[in-house]
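Working notes for the structure below.
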Amino acid sequence: MMSEPSDSPAGSFDPRALPAFTADAALWTRLAAARRRQLQRQRVMRGGAIAAIAVAAVAWLGWSGLPRQPPALQAVHATAGEAMRESQDLERQWRELAGNPGRLPPTARLQAIDAALQSAYDQRAGEADLAVLWRQRNDALRGLIAGAQDATDAGPGRITRI
Amino acid sequence: MDMADGQMMAAVEPPRSGFGVTLERSTLDRARRGDMDAFATIYDRYGGACYTLALRVLGDRASAEDVVQDVFLKMFATVRGYRGEAPFGAWLKRLAANATIDVLRGRRRFHEDDAESLVDALSVQADTAGEQSDAWTLLMRLPPRARAVLVLHQVEGYTHRELAALFGQSESWSKSVLARALKRLGGSDPAAREDDDDE
(Lines give C-alpha, C1' and ligand atoms only; values in the text may rest on other atoms or scores of the structure.)
Protein backbone atom coordinates (compact mmCIF):
# COMPACT_ATOMS: atom_id res chain seq x y z
CA MET A 1 0.00 0.00 0.00
CA MET A 2 1.49 3.31 -1.04
CA SER A 3 0.31 6.33 0.81
CA GLU A 4 2.47 9.03 -0.65
CA PRO A 5 3.18 8.81 -4.36
CA SER A 6 6.37 10.51 -5.42
CA ASP A 7 6.80 13.36 -7.80
CA SER A 8 8.96 11.26 -10.08
CA PRO A 9 8.00 11.23 -13.69
CA ALA A 10 6.81 7.87 -14.96
CA GLY A 11 9.63 5.45 -15.48
CA SER A 12 12.22 7.71 -13.84
CA PHE A 13 13.81 6.71 -10.53
CA ASP A 14 14.58 9.43 -8.01
CA PRO A 15 16.08 8.06 -4.77
CA ARG A 16 15.16 11.29 -2.97
CA ALA A 17 11.52 10.42 -3.51
CA LEU A 18 11.75 7.13 -1.65
CA PRO A 19 9.39 7.09 1.32
CA ALA A 20 10.63 6.83 4.90
CA PHE A 21 9.04 4.35 7.28
CA THR A 22 8.39 3.90 10.95
CA ALA A 23 8.45 0.48 12.53
CA ASP A 24 5.58 -1.07 14.42
CA ALA A 25 5.10 0.69 17.76
CA ALA A 26 5.38 -2.67 19.55
CA LEU A 27 8.92 -3.16 18.28
CA TRP A 28 10.44 -1.12 21.11
CA THR A 29 8.54 -3.22 23.66
CA ARG A 30 9.94 -6.39 22.11
CA LEU A 31 13.38 -4.84 21.95
CA ALA A 32 13.32 -3.81 25.60
CA ALA A 33 12.20 -7.33 26.58
CA ALA A 34 15.00 -8.82 24.48
CA ARG A 35 17.45 -6.46 26.19
CA ARG A 36 16.29 -7.68 29.61
CA ARG A 37 16.80 -11.30 28.50
CA GLN A 38 20.23 -10.33 27.15
CA LEU A 39 21.20 -8.84 30.54
CA GLN A 40 19.81 -11.86 32.39
CA ARG A 41 21.92 -14.21 30.24
CA GLN A 42 25.00 -12.07 30.90
CA ARG A 43 24.34 -12.16 34.65
CA VAL A 44 23.91 -15.94 34.61
CA MET A 45 27.12 -16.35 32.62
CA ARG A 46 29.00 -14.01 34.96
CA GLY A 47 27.58 -15.85 37.98
CA GLY A 48 28.57 -19.19 36.49
CA ALA A 49 32.09 -17.96 35.89
CA ILE A 50 32.37 -16.62 39.44
CA ALA A 51 30.98 -19.85 40.88
CA ALA A 52 33.41 -21.88 38.78
CA ILE A 53 36.33 -19.76 39.99
CA ALA A 54 35.12 -20.08 43.58
CA VAL A 55 34.77 -23.85 43.29
CA ALA A 56 38.23 -24.10 41.74
CA ALA A 57 39.71 -21.94 44.51
CA VAL A 58 38.03 -23.99 47.22
CA ALA A 59 39.13 -27.22 45.58
CA TRP A 60 42.69 -25.94 45.46
CA LEU A 61 42.53 -24.92 49.11
CA GLY A 62 41.07 -28.32 49.91
CA TRP A 63 43.98 -30.10 48.32
CA SER A 64 46.62 -27.91 49.84
CA GLY A 65 44.96 -27.35 53.22
CA LEU A 66 44.25 -29.22 56.42
CA PRO A 67 44.46 -33.00 57.03
CA ARG A 68 42.06 -34.99 54.94
CA GLN A 69 39.42 -37.39 56.15
CA PRO A 70 39.12 -40.98 54.99
CA PRO A 71 36.51 -41.38 52.23
CA ALA A 72 34.26 -43.38 54.52
CA LEU A 73 33.61 -40.29 56.62
CA GLN A 74 32.68 -38.09 53.69
CA ALA A 75 28.92 -37.99 53.41
CA VAL A 76 27.36 -37.66 50.02
CA HIS A 77 24.53 -35.15 49.94
CA ALA A 78 21.84 -34.84 47.40
CA THR A 79 21.00 -31.22 48.09
CA ALA A 80 22.58 -28.01 49.27
CA GLY A 81 20.00 -27.90 52.09
CA GLU A 82 21.15 -31.22 53.55
CA ALA A 83 24.79 -30.20 53.23
CA MET A 84 24.01 -26.89 54.92
CA ARG A 85 22.27 -28.61 57.85
CA GLU A 86 25.22 -30.97 58.25
CA SER A 87 27.51 -27.97 58.16
CA GLN A 88 25.62 -26.43 61.07
CA ASP A 89 25.92 -29.68 63.06
CA LEU A 90 29.63 -29.93 62.33
CA GLU A 91 30.16 -26.33 63.36
CA ARG A 92 28.37 -27.04 66.68
CA GLN A 93 30.60 -30.08 67.26
CA TRP A 94 33.69 -28.04 66.58
CA ARG A 95 32.59 -25.35 69.06
CA GLU A 96 31.94 -27.97 71.75
CA LEU A 97 35.34 -29.57 71.22
CA ALA A 98 37.05 -26.25 71.28
CA GLY A 99 35.19 -25.35 74.46
CA ASN A 100 34.04 -22.10 72.92
CA PRO A 101 30.29 -21.77 72.38
CA GLY A 102 30.59 -18.32 70.85
CA ARG A 103 32.24 -17.15 67.70
CA LEU A 104 35.25 -19.25 66.74
CA PRO A 105 38.38 -17.81 65.27
CA PRO A 106 38.11 -18.08 61.47
CA THR A 107 40.51 -20.12 59.45
CA ALA A 108 41.75 -19.16 56.00
CA ARG A 109 40.07 -22.11 54.39
CA LEU A 110 36.72 -21.54 56.07
CA GLN A 111 36.88 -17.86 55.23
CA ALA A 112 37.50 -18.65 51.57
CA ILE A 113 34.64 -21.12 51.48
CA ASP A 114 32.25 -18.77 53.25
CA ALA A 115 33.17 -15.99 50.80
CA ALA A 116 32.59 -18.33 47.90
CA LEU A 117 29.24 -19.38 49.35
CA GLN A 118 28.19 -15.77 49.83
CA SER A 119 29.17 -15.00 46.25
CA ALA A 120 27.30 -18.05 44.98
CA TYR A 121 24.12 -17.03 46.82
CA ASP A 122 24.49 -13.44 45.58
CA GLN A 123 24.76 -14.74 42.03
CA ARG A 124 21.80 -17.06 42.53
CA ALA A 125 23.94 -20.09 41.78
CA GLY A 126 22.24 -23.41 41.21
CA GLU A 127 21.60 -26.14 43.78
CA ALA A 128 24.49 -28.26 42.53
CA ASP A 129 27.02 -25.43 42.80
CA LEU A 130 25.84 -24.56 46.31
CA ALA A 131 25.94 -28.21 47.39
CA VAL A 132 29.56 -28.48 46.24
CA LEU A 133 30.51 -25.46 48.32
CA TRP A 134 28.63 -26.67 51.39
CA ARG A 135 30.37 -30.04 51.09
CA GLN A 136 33.70 -28.27 50.89
CA ARG A 137 32.78 -26.39 54.05
CA ASN A 138 31.84 -29.64 55.76
CA ASP A 139 35.17 -31.19 54.80
CA ALA A 140 36.97 -28.20 56.24
CA LEU A 141 34.98 -28.42 59.47
CA ARG A 142 35.72 -32.16 59.75
CA GLY A 143 39.37 -31.32 59.43
CA LEU A 144 39.09 -28.75 62.20
CA ILE A 145 37.17 -31.19 64.41
CA ALA A 146 39.82 -33.87 63.87
CA GLY A 147 42.51 -31.36 64.75
CA ALA A 148 40.62 -30.31 67.88
CA GLN A 149 40.17 -33.94 68.93
CA ASP A 150 43.90 -34.56 68.49
CA ALA A 151 44.67 -31.52 70.58
CA THR A 152 42.22 -32.62 73.31
CA ASP A 153 43.77 -36.09 73.39
CA ALA A 154 47.25 -34.62 73.63
CA GLY A 155 46.36 -32.58 76.69
CA PRO A 156 45.12 -29.12 77.72
CA GLY A 157 46.54 -26.06 76.05
CA ARG A 158 47.00 -27.59 72.61
CA ILE A 159 43.52 -26.62 71.50
CA THR A 160 44.52 -22.99 71.21
CA ARG A 161 46.59 -23.97 68.18
CA ILE A 162 43.49 -24.41 66.02
CA MET B 1 6.41 -6.85 -2.45
CA ASP B 2 5.13 -6.66 1.07
CA MET B 3 4.68 -3.13 2.27
CA ALA B 4 4.50 -1.67 5.73
CA ASP B 5 0.75 -1.14 5.71
CA GLY B 6 -0.24 2.15 7.19
CA GLN B 7 3.22 2.86 8.55
CA MET B 8 4.56 5.08 5.86
CA MET B 9 5.43 8.66 6.55
CA ALA B 10 5.36 11.39 3.98
CA ALA B 11 8.86 12.03 2.72
CA VAL B 12 8.97 13.84 -0.55
CA GLU B 13 11.88 16.10 0.32
CA PRO B 14 13.47 14.51 3.36
CA PRO B 15 17.07 14.62 4.43
CA ARG B 16 18.81 11.80 2.62
CA SER B 17 18.97 9.60 5.65
CA GLY B 18 17.71 9.72 9.22
CA PHE B 19 21.14 8.62 10.42
CA GLY B 20 22.33 12.24 10.13
CA VAL B 21 20.47 13.21 13.30
CA THR B 22 22.82 14.11 16.14
CA LEU B 23 22.87 12.54 19.59
CA GLU B 24 23.61 14.47 22.76
CA ARG B 25 26.75 13.54 24.61
CA SER B 26 24.79 13.10 27.84
CA THR B 27 22.45 10.55 26.24
CA LEU B 28 25.40 8.64 24.87
CA ASP B 29 27.11 8.64 28.27
CA ARG B 30 23.95 7.33 29.92
CA ALA B 31 23.63 4.62 27.26
CA ARG B 32 27.23 3.59 27.97
CA ARG B 33 26.21 3.09 31.59
CA GLY B 34 23.35 0.86 30.45
CA ASP B 35 20.55 3.37 31.09
CA MET B 36 17.41 1.97 29.44
CA ASP B 37 15.84 5.44 29.06
CA ALA B 38 18.88 6.51 27.04
CA PHE B 39 18.46 3.46 24.81
CA ALA B 40 14.82 4.41 24.33
CA THR B 41 15.89 7.91 23.26
CA ILE B 42 18.38 6.45 20.80
CA TYR B 43 15.71 4.16 19.43
CA ASP B 44 13.28 7.07 19.03
CA ARG B 45 15.92 8.96 17.12
CA TYR B 46 17.40 6.27 14.89
CA GLY B 47 14.94 3.38 14.92
CA GLY B 48 13.07 4.76 11.92
CA ALA B 49 16.25 5.23 9.91
CA CYS B 50 17.36 1.66 10.61
CA TYR B 51 13.94 0.32 9.73
CA THR B 52 13.75 2.38 6.55
CA LEU B 53 17.18 1.24 5.36
CA ALA B 54 16.38 -2.40 6.01
CA LEU B 55 12.92 -2.21 4.47
CA ARG B 56 14.19 -0.47 1.35
CA VAL B 57 16.71 -3.23 0.79
CA LEU B 58 14.83 -6.29 2.03
CA GLY B 59 11.37 -5.26 0.93
CA ASP B 60 9.41 -6.90 3.72
CA ARG B 61 8.43 -5.55 7.08
CA ALA B 62 9.13 -8.63 9.22
CA SER B 63 12.72 -8.95 8.01
CA ALA B 64 13.26 -5.21 8.47
CA GLU B 65 12.01 -5.41 12.06
CA ASP B 66 14.34 -8.33 12.70
CA VAL B 67 17.22 -6.22 11.44
CA VAL B 68 16.25 -3.33 13.72
CA GLN B 69 16.12 -5.69 16.67
CA ASP B 70 19.52 -7.19 15.84
CA VAL B 71 21.07 -3.77 15.35
CA PHE B 72 19.81 -2.31 18.59
CA LEU B 73 20.65 -5.37 20.66
CA LYS B 74 24.15 -5.22 19.22
CA MET B 75 24.29 -1.50 19.93
CA PHE B 76 23.18 -2.05 23.54
CA ALA B 77 25.95 -4.60 23.98
CA THR B 78 28.73 -2.64 22.26
CA VAL B 79 28.00 1.04 22.85
CA ARG B 80 30.62 1.13 25.60
CA GLY B 81 33.21 0.42 22.93
CA TYR B 82 32.00 3.23 20.67
CA ARG B 83 34.80 5.77 20.80
CA GLY B 84 33.09 8.63 19.04
CA GLU B 85 35.54 8.81 16.15
CA ALA B 86 32.64 8.82 13.68
CA PRO B 87 29.23 10.39 14.37
CA PHE B 88 26.98 8.05 16.30
CA GLY B 89 24.48 7.90 13.45
CA ALA B 90 27.19 6.82 11.02
CA TRP B 91 28.31 4.10 13.41
CA LEU B 92 24.75 2.87 13.79
CA LYS B 93 24.19 3.04 10.04
CA ARG B 94 27.16 0.74 9.54
CA LEU B 95 25.66 -1.73 12.01
CA ALA B 96 22.33 -1.53 10.16
CA ALA B 97 23.89 -1.96 6.72
CA ASN B 98 25.94 -4.93 7.88
CA ALA B 99 22.92 -6.58 9.51
CA THR B 100 20.85 -6.02 6.38
CA ILE B 101 23.50 -7.49 4.10
CA ASP B 102 23.80 -10.43 6.49
CA VAL B 103 20.10 -11.14 5.94
CA LEU B 104 20.64 -11.05 2.18
CA ARG B 105 23.59 -13.41 2.55
CA GLY B 106 21.43 -15.74 4.60
CA ARG B 107 18.85 -15.88 1.85
CA ARG B 108 21.48 -16.95 -0.67
CA ARG B 109 19.19 -16.06 -3.51
CA PHE B 110 21.78 -14.01 -5.31
CA HIS B 111 24.42 -16.42 -6.41
CA GLU B 112 24.42 -14.49 -9.67
CA ASP B 113 27.37 -12.39 -8.60
CA ASP B 114 28.20 -10.88 -11.93
CA ALA B 115 26.54 -7.53 -12.36
CA GLU B 116 24.92 -8.34 -15.67
CA SER B 117 22.94 -11.36 -14.57
CA LEU B 118 22.09 -9.65 -11.29
CA VAL B 119 20.31 -6.73 -12.92
CA ASP B 120 18.97 -8.86 -15.75
CA ALA B 121 17.01 -10.65 -13.07
CA LEU B 122 14.71 -7.63 -13.01
CA SER B 123 11.04 -8.35 -13.27
CA VAL B 124 9.61 -8.21 -16.77
CA GLN B 125 7.06 -5.76 -15.44
CA ALA B 126 9.77 -3.21 -14.89
CA ASP B 127 9.82 -2.24 -18.53
CA THR B 128 6.08 -1.93 -18.82
CA ALA B 129 5.13 -0.26 -15.58
CA GLY B 130 3.57 2.98 -16.52
CA GLU B 131 0.83 3.40 -13.99
CA GLN B 132 2.88 2.57 -10.89
CA SER B 133 6.19 4.20 -11.54
CA ASP B 134 6.84 5.87 -8.19
CA ALA B 135 10.26 5.49 -6.63
CA TRP B 136 9.27 2.75 -4.18
CA THR B 137 7.59 0.59 -6.81
CA LEU B 138 10.53 0.98 -9.12
CA LEU B 139 12.99 0.13 -6.36
CA MET B 140 11.07 -3.00 -5.44
CA ARG B 141 11.41 -4.26 -8.97
CA LEU B 142 15.15 -4.61 -8.55
CA PRO B 143 16.66 -7.79 -7.14
CA PRO B 144 17.51 -7.33 -3.43
CA ARG B 145 21.25 -7.13 -3.94
CA ALA B 146 20.96 -4.48 -6.64
CA ARG B 147 18.55 -2.64 -4.36
CA ALA B 148 21.11 -2.77 -1.59
CA VAL B 149 23.83 -1.30 -3.81
CA LEU B 150 21.51 1.42 -5.05
CA VAL B 151 20.13 2.39 -1.63
CA LEU B 152 23.46 2.32 0.14
CA HIS B 153 25.18 4.35 -2.57
CA GLN B 154 22.48 6.77 -3.63
CA VAL B 155 20.76 7.34 -0.31
CA GLU B 156 23.15 6.38 2.46
CA GLY B 157 26.29 7.72 0.83
CA TYR B 158 28.39 4.58 0.70
CA THR B 159 31.34 4.72 -1.69
CA HIS B 160 31.97 1.97 -4.20
CA ARG B 161 35.02 1.01 -2.22
CA GLU B 162 32.89 0.54 0.88
CA LEU B 163 30.26 -1.36 -1.08
CA ALA B 164 32.92 -3.61 -2.57
CA ALA B 165 34.18 -4.43 0.92
CA LEU B 166 30.65 -4.95 2.22
CA PHE B 167 29.73 -7.39 -0.52
CA GLY B 168 33.14 -9.01 -0.93
CA GLN B 169 33.29 -7.87 -4.54
CA SER B 170 35.36 -5.46 -6.61
CA GLU B 171 34.67 -1.75 -6.97
CA SER B 172 33.96 -2.25 -10.64
CA TRP B 173 31.28 -4.80 -9.70
CA SER B 174 29.61 -2.22 -7.47
CA LYS B 175 29.81 0.48 -10.15
CA SER B 176 28.45 -1.85 -12.76
CA VAL B 177 25.51 -3.01 -10.62
CA LEU B 178 24.61 0.57 -9.80
CA ALA B 179 24.88 1.82 -13.37
CA ARG B 180 22.77 -1.02 -14.73
CA ALA B 181 20.17 -0.70 -11.98
CA LEU B 182 19.80 3.02 -12.54
CA LYS B 183 19.66 2.58 -16.27
CA ARG B 184 16.90 0.03 -15.88
CA LEU B 185 14.98 2.32 -13.58
CA GLY B 186 15.49 5.35 -15.79
CA GLY B 187 17.38 7.18 -13.04
CA SER B 188 20.25 9.60 -13.30
CA ASP B 189 23.72 8.60 -14.39
CA PRO B 190 25.77 7.82 -11.30
CA ALA B 191 28.99 8.84 -13.04
CA ALA B 192 29.32 11.95 -10.91
CA ARG B 193 29.17 9.99 -7.65
CA GLU B 194 31.60 7.43 -9.02
CA ASP B 195 34.03 10.22 -9.70
CA ASP B 196 33.58 11.37 -6.12
CA ASP B 197 34.36 7.89 -4.90
CA ASP B 198 37.61 7.78 -6.74
CA GLU B 199 38.97 10.84 -5.02
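The values are calculated or read from the model by the stated rules, or taken from the named source; none is laboratory data. Computed from a predicted model, the values in this text were never measured in an experiment. Here the Cβ positions follow ideal geometry from the backbone for every residue, glycine too, while neighbour counts run over all protein chains shown.
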- line: Reported set for the range B:51-67 where residues are in a helix (DSSP H, G or I) and more than 8 Å from chain A (Cβ to nearest Cβ) is B:Leu53, B:Ala54, B:Val57, B:Leu58, B:Ala62, B:Ser63, B:Asp66, B:Val67
query: With (1) within 14 Å of chain A (Cβ to nearest Cβ); (2) under 22 Å from B:Glu156 (Cα atoms); (3) at pLDDT 90 or above as the list, and B:Arg94 as the residue in question, which single condition is left unmet?
result: (1)
field: Residue under evaluation B:Asp70, criteria (1) closer than 21 Å to A:Arg36 by Cβ; (2) within 9 Å of chain A (Cβ to nearest Cβ); (3) not hydrophobic (A, V, I, L, M, F, W, C), criterion not met
entry: (2)
- line: (1) at pLDDT below 85; (2) within 24 Å of B:Val68 (Cβ to Cβ); (3) aliphatic (A, V, I, L, M) all hold for A:Leu27 apart from (1)
